[in-house]
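Pasting a structure below so you can have a look.
The values are calculated or read from the model by the stated rules, or taken from the named source; none is laboratory data. Please read these numbers as outputs of a predicted model, since none were measured by experiment. Neighbour counts run over all protein chains shown; Cβ positions are idealised from the backbone, glycine included. Keep in mind that these areas ignore ligands, DNA and RNA; they rest on the heavy atoms of the full protein, side chains included. Shrake-Rupley method; radii C 1.70, N 1.55, O 1.52, S 1.80 Å.
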Amino acid sequence: MKSNQSNIKKAKKYLDSNECIAVPTETVYGLAGNAYSDSTVKKIFKLKKRPANNPLIVHYYNLKGLEEDCIINEDFKKLYNKFSPGPITYVLKLKKNSKISKYVTNNKNTVAIRFPKHTLLRRLLKILNYPLAAPSANISSKLSSVQPSDVKEEFGKKLKYILRGGRCSIGVESTIINLTNNLSILRLGGLNVSKIKKIIKKQVSIKNKSKNKISPGLFSLHYSPGIPLRMNVKKPNKGEAFVLIKKRKINSKNYFFLSKNNNLIKAARNLYPLIRKIKNKGYKKIAVEKIPNIGIGQTINDRLERASKY
Ligand code: TXA
Ligand code: MG
């Protein structure tokens, strides 16, 4: 508890002096900096090797200060009351006099915002005088980080500080919903779309695969382990690591299990670190068995599909 307190203070010190640092969230680790500071936001893009046209998510503690930055609406209020803090990101209209750096939004008139749930990060956000711009803490297009050692692997000594918050409980990124015109899901994520639909009781289209490039980051190769990956595999080829959804009594060292008993929530949590582990073991190819396309299984399949674009 005490060490957490001093770590939060340390994190604040770095952030107040316009550095970017890694922070834990319930979804994945973020590479965070003052969202109101042009120079800090530029550092985030540089460190992550992120194309400037791919906007960042801004993380808030609560509604305080939010209405100075963006225009909220009824759908937002309903979803916020039900799901925030939690694994959902809202795209809203940006206010003209908002303090958010233009580099965060790539000069667009919308902004993506989120209220993360991780206790340490919430304690940090509460004492800051600005919200945090934070993309996932990985080099652009690579696998996301779900524990401090992943963050280290991605950035090495280039990153000044990691606020250590253990392993992420959800393990895949937030679900992104566009609330600015026709409601649409821009990225499948940690919160099931069916739960969102139940609350807003309106048509919600899923646009994560459309040619309509609202979120540039969502369409190219992404979440890539850097080696070929194929999906829906019944039998692996020689030399391939084989990823299975549930534990089997097979004593083959190239078999890896996402969960003990077909648990999709646990599988989502294990997805990125397992693929990272396989890569680090030196495998040159990955095969994944068919993952049930229900609930968070849809998010797992979405990530695997993008990772397989290698
Ligand atoms: O769970 C998460 O959302 C994590 C944690 C750290 O909060 N963050 C995350 O950020 O996944 P990132 O940068 O890896 O992905 C953000 C996605 C990008 O694909 C970007 O294109 C989209 O959000 N995005 C950001 N601003 C947007 C906007 N104004 N309109 C549409 N899409 C936007
Ligand atoms: Mg990302």
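Checking the structure you have, find out if any residue of region 297-310 is surrounded by fewer than 18 Cβ atoms within 10 Å (Cβ to Cβ) and among the aromatic types (F, W, Y).
Yes, the conditions are met somewhere in region 297-310.
Just the residues that are among the β-branched types (V, I, T) and in a loop (DSSP other than H, G, I, E, B), please, taken from region 64-80. Write out each step before concluding.
Filtering region 64-80 down to residues among the β-branched types (V, I, T) leaves 71-72.
Across region 64-80, the qualifying residue is only I72.
Can you pull out the residues in region 156-189 that are hydrophobic (A, V, I, L, M, F, W, C), closer than 20 Å to L221 by Cα and open to solvent by 10 Å² or more (accessible area, probe 1.4 Å)? Lay out the reasoning, then the answer.
Of the residues in region 156-189, the ones hydrophobic (A, V, I, L, M, F, W, C) are 159, 162-163, 168, 170, 172, 176-177, 179, 183, 185-186, 188.
Add one more test, that the residue is closer than 20 Å to L221 by Cα, and what stays is 172, 176, 185-186, 188.
Listed by number, the residues that qualify are I176, L188.
Matching residues to (1) under 30 Å from N270 (Cβ atoms); (2) touching a helix residue (DSSP H, G or I) at 6+ places or on another chain (Cβ under 8 Å):
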position	(1), (2)
Y29	yes, yes
A52	no, yes
E67	no, no
Y80	yes, no
L94	no, yes
H118	yes, no
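Listed here are the residues, each with its yes/no results for (1) modelled with pLDDT of 95 or more; (2) open to solvent by less than 60 Å² (accessible area, probe 1.4 Å); (3) of a type outside the set (A, V, I, L, M, F, W, C); (4) in a helix (DSSP H, G or I).
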{"site": "A32", "(1), (2), (3), (4)": "yes, yes, no, no"}
{"site": "S39", "(1), (2), (3), (4)": "yes, no, yes, yes"}
{"site": "K42", "(1), (2), (3), (4)": "yes, no, yes, yes"}
{"site": "L47", "(1), (2), (3), (4)": "yes, yes, no, yes"}
{"site": "N53", "(1), (2), (3), (4)": "no, no, yes, no"}
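While we're looking at this one, here's another question. Considering only residues that are within 17 Å of the chain's Cα centre (by Cα) and under 17 Å from D150 (Cα atoms), which ones fall in region 254-306? Can you show your working first?
Kept after step one, since they are within 17 Å of the chain's Cα centre (by Cα), are these residues of region 254-306: 265-276, 296-306.
Scanning region 254-306 gives A268, R269, N270, L271, Y272, P273, L274, I275, R276.
Of all residues in region 254-292, which are open to solvent by 90 Å² or more (accessible area, probe 1.4 Å), under 30 Å from I196 (Cα atoms) and not in a helix (DSSP H, G or I)?
K260, N261, K290
Return the only residue of I88, I44, I100 being over 28 Å from T299 (Cα atoms), in contact (Cβ under 8 Å) with a residue 24 or more places away in the chain and of a type in the set (V, I, T). Give the derivation first.
Values: I88 fails: over 28 Å from T299 (Cα atoms); I44 fails: over 28 Å from T299 (Cα atoms).
Selected residue: I100, the only one of I88, I44, I100 that is over 28 Å from T299 (Cα atoms), in contact (Cβ under 8 Å) with a residue 24 or more places away in the chain and of a type in the set (V, I, T).
Only one of I170, I162, I113, I177 is within 11 Å of ligand 1 (Cβ to nearest atom) and under 26 Å from G226 (Cβ atoms); which?
On the way: I162 fails: within 11 Å of ligand 1 (Cβ to nearest atom); I113 fails: under 26 Å from G226 (Cβ atoms); I177 fails: under 26 Å from G226 (Cβ atoms).
Answer to the check: I170.
Does I57 satisfy the criteria of being under 22 Å from the mean Cα position of the chain (by Cα) and open to solvent by less than 80 Å² (accessible area, probe 1.4 Å)?
Numbers: under 22 Å from the mean Cα position of the chain (by Cα): yes; open to solvent by less than 80 Å² (accessible area, probe 1.4 Å): yes.
Criteria met by I57.
Residue by residue through region 142-158, note down the ones that are touching a residue at least 40 places away in the same chain (Cβ under 8 Å) and either more than 10 Å from ligand 1 (Cβ to nearest atom) or among the aromatic types (F, W, Y) (or both). Steps first, please.
We begin by selecting, within region 142-158, every residue touching a residue at least 40 places away in the same chain (Cβ under 8 Å); these are 142-148, 150-151, 153, 155, 158.
Scanning region 142-158 gives K142, L143, V146, Q147, P148, D150, V151, E153, F155, K158.
Taking the condition within 16 Å of ligand 2 (Cβ to nearest atom), at pLDDT below 95 and among the hydroxyl-bearing types (S, T, Y), does S224 pass?
Working: within 16 Å of ligand 2 (Cβ to nearest atom): yes; at pLDDT below 95: yes; among the hydroxyl-bearing types (S, T, Y): yes.
The answer is yes for S224.
Here's something else I'd like to know. Quick one: what pairs do we get from region 1-25, first residue at positive phi, second surrounded by 12 or more Cβ atoms within 10 Å (Cβ to Cβ), C-beta under 8 Å, 6+ apart or different chains?
That search, which allows pairs on different chains as well, returns N18/G33; N18/N34; N18/S37; N18/T40; N18/K43.
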